[in-house]
Amino acid sequence: MKDAIPSVPAEKEGFANRKLIRPLLNHSNHTNHAAPAIGERRERPERAPDRSNGSRGKSAPPDQTNAENFYYQKQMQSKTPMVIVLLDDEEIHGVIEWYDRTCIKVNRTGAPNVMIYKLSIKYMFKEGEGK
């Protein structure tokens with residue numbers, strides 16, 4: 001390739017006459033496309049609609065991690081005595097027997113079983129741990 005270009009000192013040739021030739025690189029697929037004529041521009045493939053948050057391909061985190069469900073399952077299987085403190089600071093002692101999205105059922109010894117709405121629970125802990 002160097003043999004085809006006559007060598008001329010830089011001060012005689014000038015930098016304005018030089019053209020930069022770059023090969024066409026298509027990283028998305030390796031099919032050969034016809035090279036555009038000199039002076040023409042290639043058309044770019046269309047992009048996906050603009051995302052307002054600027055993320056590229058990342059999906060939103062899940063709404064629910066299932067950590068709460070895992071905790072209830074673990075306490076139910078081991079029949080752990082629990083203390084459930086309600087919003088009015090009433091304490092309910094018992095074992096979690098059943099739960100769903102909105103409430104839990106607690107078996108109590110020496111008292112009737114109760115179903116408690118989760119929204120009315122302030123916090124809960126294992127009976128042996130204390131507050």
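Numbers below:
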| quantity | calculated |
| --- | --- |
| Segment 82-127: relative contact order as a whole-number percent, Cα under 8 Å and 6+ apart | 42 percent |
| Distance between modelled label sites at Tyr117 and Glu91, nm, 7 Å Cα→Cβ extension | 2.5 nm |
| Among Gln75, Asn107, Gly128 the positive-end extreme of the charge dipole of segment 75-131 (Cβ point charges) | Gln75 |
| Chain lengthening between Thr65 and Leu24 when straightened (0.36 nm per residue, less Cα-Cα) | 10.1 nm |
| Magnitude of the charge dipole, segment 63-131, Cβ model with Lys/Arg +1 and Asp/Glu -1, debye to 20 | 200 debye |
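All of the numbers you see were taken from the coordinates with simple rules; none came from a lab. The model shown is predicted, which means the values in this text are computed figures rather than measured ones. Methodologically, a virtual Cβ is constructed for each residue, glycine included, from the backbone with ideal geometry; neighbour enumeration extends over all protein chains shown.
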